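See below for the structure under consideration.
The values are calculated or read from the model by the stated rules, or taken from the named source; none is laboratory data. If you're wondering where the values come from, they're calculated on a predicted model, not measured in any experiment. Here Cβ is always computed from backbone atoms with ideal geometry, including for glycine, and neighbour counts include all displayed protein chains.
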Amino acid sequence: MKKSLFILSILFFSLLTADVKTIAAGQPLSGVKVAVDAGHGGWDPGAVGPGGLTEQEVNLRVAQALRNCLQEYGGATVKMTRTNNSYVSLSSRATQANSWGADRFISVHHNGSTNPAINGTAVYSYPGGSWKSHHLRDQVQKRLVQTTGLRNLGGQTANFYVVRRTSMPAILTEASFITNPGEEKRLQDPGYTWREAYHIYLGLVDHIKQVGK
Ligand SMILES: [Zn+2]
């Protein structure tokens with residue numbers, strides 16, 4: 001009698017586990033492989049703010065938050081091209097995404113200017129990229145301006161290596177200018193950079209809902 005109860009409990013818990021898996025399969029990015037690329041790193045700090053905050057550091061913080069959103073809320077599978085402050089070549093970043101077979105590639109950057117007054121939000125795709133890459137760019141742009149509240153510099157195209165040499169729809173985000181003193185202050189707040197990541201995530205979800213994988 002006790003033994004059969006034990007077997008019944010096991011059956012019951014297997015059913016519960018199966019249910020959890022079914023729910024996970026209903027997540028918006030289930031089955032989608034996303035390569036997340038934190039720009040710069042190592043000897044290459046990227047743009048540097050007037051107070052010394054480096055782009056490589058902010059990019060990594062946003063990229064890690066983006067990975068968490070993609071995995072936990074989206075159910076996506078994520079590969080990061082770098083996970084610490086080390087130098088990774090541009091060709092390695094593209095090769096990692098291509099050989100892994102990523103469905104989407106998102107490179108996280110922050111802009112720089114010699115004019116500290118300049119600020120604004122832009123997302124880039126490759127001019128010769130697929131229509132899906134431009135569509136993804138526009139969805140992420142729409143979401144990013146909602147959270148930064150900055151001047152909308154629009155969806156743009158640029159010949160950046162990582163969007164040119166990746167074989168899946170690829171974008172590069174420049175949510176704001178780290179060289180702007182007020183913006184540098186905001187970028188020091190992990191809550192602000194988390195919201196930035198979350199809005200990149202929301203843009204990707206909007207995109208996948210409309211065009212599929
Ligand atoms: Zn950069």
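Of note:
- Residue in region 147-167 that is away from the ligand (no atom under 16 Å from the Cβ) and touching a Pro at 6+ places or on another chain (Cβ under 9 Å) present: yes
- Scan of region 93-116 for residues that are part of a helix (DSSP H, G or I) and within 16 Å of the ligand (Cβ to nearest atom), ordered by number: 93, 94
- Only listed residue being at pLDDT 95 or above, touching a Gly at 6+ places or on another chain (Cβ under 9 Å) and among the polar types (S, T, N, Q), chosen from 64, 71, 56: 56
Results for (1) surrounded by 22 or more Cβ atoms within 10 Å (Cβ to Cβ); (2) within 13 Å of the ligand (Cβ to nearest atom); (3) among the aliphatic types (A, V, I, L, M); (4) farther than 21 Å from residue 161 by Cα, shown as yes or no for each residue.
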{"site": "43", "(1), (2), (3), (4)": "no, no, no, no"}
{"site": "46", "(1), (2), (3), (4)": "no, yes, no, no"}
{"site": "49", "(1), (2), (3), (4)": "yes, yes, no, yes"}
{"site": "62", "(1), (2), (3), (4)": "yes, yes, yes, no"}
{"site": "70", "(1), (2), (3), (4)": "yes, no, yes, yes"}
{"site": "76", "(1), (2), (3), (4)": "yes, no, yes, yes"}
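Table: residues versus (1) modelled with pLDDT of 95 or more; (2) over 24 Å from residue 114 (Cβ atoms); (3) surrounded by 24 or more Cβ atoms within 10 Å (Cβ to Cβ); (4) in the same structural domain as residue 107 (by TED's automatic domain parsing).
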site	(1), (2), (3), (4)
134	yes, yes, no, yes
151	yes, no, no, yes
161	yes, no, no, yes
167	yes, yes, no, yes
170	yes, yes, yes, yes
179	yes, no, no, yes
184	yes, no, no, yes
190	yes, yes, no, yes
196	yes, no, yes, yes
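- Residues satisfying the stated conditions in region 147-171, i.e. in contact with a helix residue (DSSP H, G or I) (Cβ under 6 Å, 6 or more places away or on another chain) and polar (S, T, N, Q): 147, 152, 166, 167
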